Protein chains: 4
Amino acid sequence: MKALVYNGPGRKSLEERPVPQIQSPGDAVVRITKTTICGTDLHILKGDVPTCAPGRILGHEGVGVVHAVGAGVTSFHEGDRVLVSCISACGKCEYCRRGMYSHCTTGGWILGNEIDGTQAEFVRIPHADTSLYHISDGADEAALVMLSDILPTGFECGVLNGKVEPGSSVAIVGAGPIGLAALLTAQFYAPAQIIMVDMDQNRLEVAKRFGATHTVDAAATDPAVAVMAITGGRGVDTAIEAVGVPASFVTCENIIAAGGTIANVGVHGVKVDLHLETLWSRNITITTRLVDTVTTPMLLKTVQSGRIDPATLITHRFTLDRILDAYETFGHAAETHALKVLIET
Amino acid sequence: MKALVYNGPGRKSLEERPVPQIQSPGDAVVRITKTTICGTDLHILKGDVPTCAPGRILGHEGVGVVHAVGAGVTSFHEGDRVLVSCISACGKCEYCRRGMYSHCTTGGWILGNEIDGTQAEFVRIPHADTSLYHISDGADEAALVMLSDILPTGFECGVLNGKVEPGSSVAIVGAGPIGLAALLTAQFYAPAQIIMVDMDQNRLEVAKRFGATHTVDAAATDPAVAVMAITGGRGVDTAIEAVGVPASFVTCENIIAAGGTIANVGVHGVKVDLHLETLWSRNITITTRLVDTVTTPMLLKTVQSGRIDPATLITHRFTLDRILDAYETFGHAAETHALKVLIET
Amino acid sequence: MKALVYNGPGRKSLEERPVPQIQSPGDAVVRITKTTICGTDLHILKGDVPTCAPGRILGHEGVGVVHAVGAGVTSFHEGDRVLVSCISACGKCEYCRRGMYSHCTTGGWILGNEIDGTQAEFVRIPHADTSLYHISDGADEAALVMLSDILPTGFECGVLNGKVEPGSSVAIVGAGPIGLAALLTAQFYAPAQIIMVDMDQNRLEVAKRFGATHTVDAAATDPAVAVMAITGGRGVDTAIEAVGVPASFVTCENIIAAGGTIANVGVHGVKVDLHLETLWSRNITITTRLVDTVTTPMLLKTVQSGRIDPATLITHRFTLDRILDAYETFGHAAETHALKVLIET
Amino acid sequence: MKALVYNGPGRKSLEERPVPQIQSPGDAVVRITKTTICGTDLHILKGDVPTCAPGRILGHEGVGVVHAVGAGVTSFHEGDRVLVSCISACGKCEYCRRGMYSHCTTGGWILGNEIDGTQAEFVRIPHADTSLYHISDGADEAALVMLSDILPTGFECGVLNGKVEPGSSVAIVGAGPIGLAALLTAQFYAPAQIIMVDMDQNRLEVAKRFGATHTVDAAATDPAVAVMAITGGRGVDTAIEAVGVPASFVTCENIIAAGGTIANVGVHGVKVDLHLETLWSRNITITTRLVDTVTTPMLLKTVQSGRIDPATLITHRFTLDRILDAYETFGHAAETHALKVLIET
């Protein structure tokens, strides 16, 4: 089968690989019909993710059809159309029982990282019963690819952890795909204000169309000053960090209202300054989270009932043959205006 | 009346002052019968609290008897025995309605800071109806002085914010009066482990008597290594920072289990390093809080029902005449083994 | 001044009364500009509310302008435009501090019940600082009259108590003004299904326009059977009872999914059968609540930000002179299709 | 092997049966070392549980040693000492993922009901990975038998659902084994008052020793009157129904404070009267629950750390040979003063 392989920092290729086989009773093999590329894949290609060894097939998002199942799989059968979660969860360990699938002792984020991933014609999924989801007839499969990772990430790490509430003020720092996923799902809770902060004018325009009540161009103005002005000097109840660099986290510290919550979503490579000399008395909460995908069943319902349409995040479409072009397009988002690129087999 | 007055950095004196008068309809004047000294008073004396101007009577803790009330006070009358909260709350503003009395727009921590305080024979209490509490007959008033500040502080900022639960593991970094108040009140929730960390052997011994299951001498060992060993490498579910320096906060970062909560209680003077490069994916929560004293009615019930006896925190007793000696004793706690010093008029 | 007076069961009249005066330091007198009639007013007129004595001016909803304030009022001044809450709250008692304003020991629902109400040119409001709300410039005052009672009632007693969540299934039994207020505010939480049950075709059509995903005509079909069919036999996660009779409560018992919540909003005159012989093992929750109006500030934000427009509930408008006609219209809702009738002075 | 078999209403016998075999990959067979009898077993013997067919081996509590495991079991191995949960949970279905193991679509309470149970030398446990728990070395296995059912039942259905809090008032109606389990675990949350209500003087004396602050003899006094007197007319914050008859549920309705919670634990055979004509405005919550045993890991920690000792519930011990005598003793608890009877193989 064809597969996109990481060959060490800066190197990737579309290669021929053997179709994966069932290895454990809980495994399924899924024929991928649609997948996509994540910002994390670009991190891997820069060499920033040491758990991902050269030779690995990348990708942790996708939908497809069940090709084979192990003896212990009870919820899925050959031919079932399925959504692949980016997180593999055993459903048994202490962390899975607490809903922290991200910390599953034999799973977590392993797809396209510690084991071969979804940017291929087939993928092996461990713990299939608790890591795949049924797709109902008539569903828009392209939209559902967004539920493998970015929608639950924006929702769980940003919106839920950030405790967005009706009438509240929200700032989302970073209008990339994850920030926009937070923007879409924040609207489940009817906040009064959603302020998007980014340096890319195109993304801010997209944010406006997606429901932002205000946008702040961080290239043109000090974003903290702008957000404080929009909120009448009060700050926001929820600040969602969706970039992953110290400056944007400090912006969140500077705009959070007393009693508010900073929900970190970004993947950080270095430490940040936490200004406890002012924040110690401000009754704030800071959260971090690797997505658990525990809300996937709920998100499926909101998509099926038409409350949100995550297909709006897809800007480009490619066949698997042209996945290297897809990487080019996604990797130069400032010029291509790419958000999510869909790859179909 | 006699009053302990702050005269600028490093200077204090016991002076004669006029008895305070009712200034607003919501005021009460309370004759103080018992008060105490807080670590924050020492901070003021070092010049670290710019909101506290020279000439200020210090003190934000105490019990007493209502001496006079303004026309708008409905819940208290002359002669009522009362507990003074360290936080003044109007009960009307947005923050008070949300239970964030600490951020009351016309109150908060003002006693012995922005207005004259309780280390005197009399004190004026603004917003008396929502800043005083009735004391029931037969109550141990010395014990109740601990409910003005340190018990709600340890409980709200440490135990509640830290989400201590039955069966959980808790570390409290800092075994001073506030850390010990957290230790006492953490036991409301039956955690399986409470690990106290300090460099003072005497305080660790007190902690053992107060219910700590483990103690770690941070002068003799790396506290993070010790806590990880006690918890079998897993870390603690709740880490309570009760010192207020970067090193102890970083210890909390190093011992927090995935999914756990760091509850900051300490007053910090400088920023700390937040190691998001490791914590971003650990599903942790960090909280800060200036005590709101919203749990004072509940704490009164637990004291009255005998669930805790905060009088055990009192190590020394003085009359108001000798308050300068009380400051000496409290200021040299390492030698005197002082925890809380009671001052009676 | 003109006032609508209850003269005992079945008797009411528009009378001339003296303008009310400040009686306590916390009082305000408000000149009413807009008021409305509540289903509860009809209950009073039937003689069903023994706390309401003949001679009482009715009404507990309205907006107006502050005419006079007592010496203890600090948040409002003559000329301020204000929303009157149906619940008077002292902000000081145990219940107010817990956010249970409905059980305020010196307040609660007293307006137009134990003291004179808002269907008059002026009304005296006790505990003004915590029972009135500022109206911002440019607000639609007719819309805000809906925030005195029915919007917080539908939201607090129905939606919040019912724990409506994104993707969940909700049934609202009763499509009168309160049920429709629950329907409007349930959409703050993006449920996948909102099923409205009523016997009035007109109200069901209104419900469709207001966002119901399904309607059930209880005059034509067994509503429990219909709701179970709509939910694939699973039942609803939230059942909101907005009628106040045994049959509709039992419908809720019959349609609630395992793990679901029945939120009672209706005012009941007799006991109901609770079928614990089946429900004991179904992990359900039942809640009751008299509205606390603690969410009024939040609801004001959602109206100001355009998330909802409660003016859509207003079907008829009258001047105070014609309030008897307004009662006629409201009292014959089946024929007049009245939802809320606005009365302007 | 020997097994206690239900032979239809009123008939049971100790019989010889074949040792159960692995049937599915997720099964384990456990050699039972200790088991006990539950009040539910008596219900079955009366013929009240139609899902339990004649020929069934009874029992849903026990500890033992793993004898064999299916191919899909990963967490347990032959020779492991284990606690058997009364609830079988697949860990995969919608309900299991929500922590509602009681409603597992292929599990729930099936042991000793729909499939053969634990009152035997061996038992087959479906979904073993998520229905068994490891026992640590040195644990008191007799104490742990109480964790199969009654401790999680009292804790989850009574204490957690009842929202017991520090300083609160709790009444537990029914001082049988489940009521006493609620009493033991309520103390995890340091309530100020725990009032036990029963008609059996012996059980009330046991309750006193187990930590009740007050006892009410319902044979000698109207329990609602007595509880209202103890609480100064205010009622209790939490009322736990642990009997399962209408009268005791109505007692809970009569003693619940405004804002309080009635947590039903009892198994009811008939409907009860819910007095909504008074309760509709009292802001109360009523909960029902079949135990989910999701707190078993937490309860294991509290037992291991010595916070509670559930072995105190064991009043009598028998060998499996004498299980008919054990039933006699347990079935005549009023005379024998039996609480839990331990049966050892």
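Nothing in this text is a laboratory measurement; each read-out follows from the coordinates by a stated rule. Not measured: the values here are computed from a predicted model. Here the Cβ positions follow ideal geometry from the backbone for every residue, glycine too, while neighbour counts run over all protein chains shown.
Give me a comma-separated list of calculated 3J(HN,Hα) values for region C:88-102, in order, Karplus coefficients 6.51, -1.76, 1.60 applied at θ = phi - 60°, integers in Hz, x for any Gly or Pro.
Per residue, the Karplus-derived 3J(HN,Hα) values read 8, 9, 6, x, 10, 6, 3, 5, 4, 5, 8, x, 9, 4, 4 Hz.
Return the ratio Rg/(2.2 N^0.38 Å) for region C:152-287, where Rg is computed over Cα atoms only.
0.92
In whole Å, what is the distance between the alpha-carbon centres of region D:1-53 and region A:222-238?
Measuring centre to centre over Cα atoms gives 65 Å.
Order of D:LEU324, B:LEU184 from fewest to most other C-beta atoms within 10 Å?
In order of increasing Cβ crowding within 10 Å: D:LEU324, B:LEU184.
Rank these for me by crowding, A:ILE172, A:ILE308, D:ILE255, going from fewest to most other beta carbons within 10 Å.
The most exposed by this proxy come first: A:ILE308, D:ILE255, A:ILE172.
So, with +1 on the Cβ of K and R and -1 on the Cβ of D and E, and no other charges, what is the size of the charge dipole of region B:1-146 about its Cα centre, to the nearest 20 debye?
Values: 13 positive and 16 negative charges, 67 e Å.
Using only the charged Cβ atoms, the result is roughly 320 debye.
Give the shape of region D:272-345 as rounded, prolate or oblate, defined through the alpha-carbon gyration tensor: a ≥ b ≥ c are the square roots of its eigenvalues, a/c under 1.5 means rounded, and otherwise the shape is prolate if a/b is larger than b/c and oblate if not.
Cα axes put region D:272-345 in the oblate bin.
Taking amide H atoms as placed 1.01 Å from N in the peptide plane, list the residues 5 or more away in sequence, or in a different chain, whose amide H sits under 5 Å from that of A:THR106.
Here the answer is A:CYS90, since their amide H atoms fall under 5 Å of that of A:THR106.
Please list, by residue number, every one of the GluC sites (Glu not before Pro) in region C:49-124 that is coil in DSSP and has at most 14 other beta-carbon atoms within 10 Å.
C:GLU78
Using unit Cβ charges (K, R positive; D, E negative) and no other charged atoms, how large, in debye to the nearest 20, is the dipole of region A:202-345 about its Cα centre?
On the way: 12 positive and 15 negative charges, 93 e Å.
Around 440 debye, computed over region A:202-345.
Report ³J(HN,Hα) in whole Hz for each residue of region A:157-167, in order, from the Karplus equation J = 6.51 cos²θ - 1.76 cosθ + 1.60 where θ = phi - 60°; Gly and Pro get x.
With coefficients 6.51, -1.76 and 1.60, one gets 6, x, 6, 5, 4, x, 6, 5, 9, x, x Hz.
So what are chain C's ellipsoid semi-axes, whole angstrom, largest first, if each one is the square root of 5 times an eigenvalue of the alpha-carbon gyration tensor?
34, 21, 19
So if I take the centroid of the Cα atoms in region B:169-214 and the same for region B:268-294, what is the distance between those two points in Å?
Computed from Cα coordinates, the inter-centre distance equals 20 Å.
Using the structure shown, select from B:LYS340/D:LYS163; A:LYS163/A:LYS340; A:LYS208/C:LYS340; B:LYS208/D:LYS34; C:LYS208/D:LYS163; A:LYS163/A:LYS208 the pairs with a Cα to Cα distance greater than 31 angstrom.
Beyond 31 Å: B:LYS340/D:LYS163; A:LYS208/C:LYS340; B:LYS208/D:LYS34; C:LYS208/D:LYS163.
Would you mind getting me the FRET efficiency between A:LEU14 and A:ASN202? Use the beta-carbon distance for r and R0 = 25 Å, nearest 0.05.
On the way: r = 29 Å, r/R0 = 1.16.
So, using R0 = 25 Å, E works out to roughly 0.30.
In terms of the ratio Rg/(2.2 N^0.38 Å) built on C-alpha atoms, what value belongs to region A:201-345?
Its radius of gyration relative to the 2.2 N^0.38 Å reference: 1.24.
Can you tell me the relative contact order of region C:152-287? Whole percent, Cα pairs under 8 Å, sequence separation 6 or more.
Over region C:152-287, the number comes to 25 percent.
Using helices alone, what [θ] at 222 nm do you get for chain A, with -39,500 (n - 2.57) per DSSP H run of 4 or more residues, divided over all residues and rounded to the nearest 500? Please report the intermediate quantities before stating the final value.
Details: 11 runs with 80 residues, N = 345.
Taken over chain A, the calculation gives -6000 deg cm²/dmol.
With +1 on the Cβ of every Lys and Arg and -1 on the Cβ of every Asp and Glu, and nothing else charged, how large is the dipole of chain A about its Cα centre, in debye rounded to the nearest 20?
Dipole magnitude for chain A comes out near 340 debye.
Over 10 Å intervals from 0, what percent of Cα-Cα pairs in region B:120-194 sits in each interval?
With 10 Å bins starting at 0, P(r) equals 17, 39, 28, 13, 2.
Short version: ³J(HN,Hα) in whole Hz for each residue of region A:65-72, in order, from phi by Karplus 6.51 cos²θ - 1.76 cosθ + 1.60 (θ = phi - 60°), x for Gly and Pro, what are they?
Result, ordered by residue: 10, 5, 9, 7, 10, x, 5, x Hz.
Which residues' amide hydrogens lie under 5 Å from the amide hydrogen of A:VAL164, considering only partners 5 or more residues apart or on another chain, with H built in the peptide plane?
Under 5 Å from the amide H of A:VAL164: no residue qualifies.
Please label the shape of region C:1-115 as rounded, prolate or oblate, based on the square roots a ≥ b ≥ c of the eigenvalues of the alpha-carbon gyration tensor (a/c under 1.5 means rounded; beyond that, a/b larger than b/c means prolate, else oblate).
On the way: a/c = 2.02, a/b = 1.26, b/c = 1.60.
Taking the square roots of the gyration eigenvalues as a ≥ b ≥ c, region C:1-115 is oblate.
Find the Cα radius of gyration of the protein assembly as shown, compare it with 2.2 N^0.38 Å by division, and give the number to two decimals.
This ratio for the protein assembly as shown stands at 0.94.
Which ordering of B:VAL145, D:VAL294 is given by a fewest-first count of other beta-carbon atoms within 10 Å?
Result, fewest neighbours first: D:VAL294, B:VAL145.
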